[in-house]
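Presented below is the structure to which this report refers.
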Amino acid sequence: MLITLQQAAQKIRSVNKILVTAHIMPDGDAIGSTLAAMMILRSIGKDAQVYIDDSVRKNLHALPSFNEIRRPTADETFDAELLLILDTSAERIGNVRKLTDAPTLNIDHHVTNSGAEVDELYLEPDAAATCEIIFKLARELNATITPEIATCLYTGLATDTGFFQFSNTSAETLAIASELIACGVSPNFISEQIESKSLAEVLGLAHALSTLKMYFDDKVAGMMIDHEASKQFESTEGFIDEIRVIDTVDVAFLITEKAPNFCRVSMRSKGVDVSKIANVLGGGGHIRAAGCSLKMSLADAEKTLIAAIGSAI
Ligand code: 5GP
Ligand code: MN
């Protein structure tokens, strides 16, 4: 059921013990929004705990309270009154779903979130990041934004907007970023943490660029990393941005073969709605940034994706 932000705040006020989670393969908005929500909820007297069913990229480990994030273990349970799912629909939270039978409140900004499998959904597709919504939720709850909370929220805003460059950057995004800086955020600390890469990652980027292929009169650019290569580096974060900039390109994609017959797809666009392409392939996301998983070989994933992109452009 779709609800308002006021109703979401009311729901939160009515319970005490809250399990907070976000999507697997967590990004800055997933980690920033869950940690900020946990700190906000604790500051108004709630018992809140973050669980994420995945490892988290090193660049996010310096965030305040990062060490409090737990990962569910086999047969573990968590006796919560509410499961708060942030920055994703319910199907991408892994084994966190098994921790509790508590009612679910979902807060998200992904246009492809249909609200299936949750009790209540507050969806704001125009919000640049879930962190933007959590900032407004803090207001609703009369919570004070500490420098620690502000740092987490700013990280989500910055990462989901490509440091305030993408089309989702609105006047409201910048107004909230401005308030967060007034609350004590150091923008340079966050950008230095987030943009730092290991030597292996930079070498990985060089390898990825060597696989660059162009399609449809250079309107589409793609890179493909096979399993052998993908084992060499921890993250491919940001790789796709290096080919998105090609002047003729509307759609850029990166296919990473994470395991034999299991490929992860990232897409970015300047015009075409890639959330629709991802949706057709069982994934989702935003108009200009979306992704999906394809259970097939790298060569088949390329064919499948190119066919889907071809019917969309
Ligand atoms: P990225 O390419 O950075 O992994 O993802 C781009 C956007 O698409 C993010 O907002 C991400 O949450 C969403 N996304 C990526 N993969 C999937 C997927 O498999 N399913 C859904 N529903 N969304 C995805
Ligand atoms: Mn997000």
Item to check | Long-range amide H partners of Thr100 with built H, under 5 Å | outcome: Phe78
Item to check | lysines with Cα under 19 Å of Lys98, excluding same-chain neighbours fewer than 8 positions away | outcome: Lys17
Item to check | Among Ala128, Ala301, Ala62, residue whose mean-square fluctuation peaks in a GNM of the chain (springs only between Cα atoms under 10 Å) | outcome: Ala62
Item to check | In sequence order, calculated HN-Hα J values of the stretch 233-243 (Karplus, 6.51, -1.76, 1.60; Hz; x Gly/Pro) | outcome: 9, 5, 9, 10, 3, x, 4, 4, 5, 6, 9
Checklist entry - Amide H of Asn106: which non-local residues (sequence gap of 5 or more, or other chain) have their own amide H closer than 5 Å, using H built in the peptide plane? => result Ile85, Glu120, Leu121, Tyr122
Checklist entry - All other residues with a Cβ under 12 Å from the Cβ of Ala74 taken together, and with Lys, Arg as +1 and Asp, Glu as -1, what is their net charge? => result -1
Checklist outcome for this item: For the table Lys219/Lys295; Lys11/Lys58; Lys219/Lys303; Lys58/Lys303; Lys58/Lys295; Lys219/Lys258, the rows whose alpha-carbon distance is greater than 23 Å are Lys219/Lys295; Lys11/Lys58; Lys58/Lys303; Lys58/Lys295; Lys219/Lys258
Checklist entry - Which far-off residues, 5 or more places away or on another chain, put their amide H under 5 Å from the one on Val50, with H placed in the peptide plane? => result Val20, Arg70
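Rounded, prolate or oblate: pick one for the stretch 1-130, where a ≥ b ≥ c are the square roots of the eigenvalues of its C-alpha gyration tensor, a/c under 1.5 means rounded, and failing that, prolate if a/b is larger than b/c, else oblate.
Verdict is rounded for the stretch 1-130.
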Checklist entry - Hey, any idea what % of the chain's accessible area is carbon plus sulfur with a 1.4 Å probe? => result 50
Next on the checklist: How far apart, in nanometres, would the label points at Ile44 and Lys98 be if each is projected 7 angstrom from Cα along the Cα-to-Cβ direction?
Outcome noted: 3.3
Item to check | Estimated [θ] at 222 nm from DSSP helical runs (n ≥ 4, -39500 (n - 2.57)) normalised by residues in the chain, nearest 500 | outcome: -10500 deg cm²/dmol
Checklist outcome for this item: Note to self: C-alpha centroids of the stretch 224-276 and the stretch 105-152 sit apart, in Å, by 27
Checklist entry - Using all Cα-Cα distances in the chain, what percent lands in each 10 angstrom bin from 0 up to the longest? => result 6, 27, 35, 23, 8, 0
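What whole-number volume per residue, in cubic angstrom, does the convex hull of the C-alpha atoms of the stretch 12-67 give? Could the numbers behind the result be given before it?
Details: hull volume 4.1 nm³, N = 56.
Hull volume normalised by residue count: 73 Å³.
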Checklist entry - Taking a ≥ b ≥ c as the square roots of the eigenvalues of the Cα gyration tensor of the stretch 199-312, is the shape rounded (a/c under 1.5), prolate (a/b larger than b/c) or oblate? => result oblate
Checklist entry - Using θ = phi - 60° and the Karplus form 6.51 cos²θ - 1.76 cosθ + 1.60, what ³J(HN,Hα) does each residue of the stretch 72-78 get, whole Hz, x for Gly and Pro? => result x, 9, 4, 6, 6, 10, 9
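Find the relative contact order for the chain and round it to a whole percent, using C-alpha pairs within less than 8 Å whose residues are 6+ positions apart.
Numbers: 633 pairs, mean separation 42.4, N = 313.
It comes to 14 percent, rounded to a whole number.
The values are calculated or read from the model by the stated rules, or taken from the named source; none is laboratory data. Just so it is clear, the model here is predicted, and its values are computed rather than measured. Every residue, glycine among them, receives a Cβ derived from its backbone with ideal geometry; neighbour counts consider all protein chains shown. Keep in mind that these areas ignore ligands, DNA and RNA; they rest on the heavy atoms of the full protein, side chains included. Shrake-Rupley method; radii C 1.70, N 1.55, O 1.52, S 1.80 Å.
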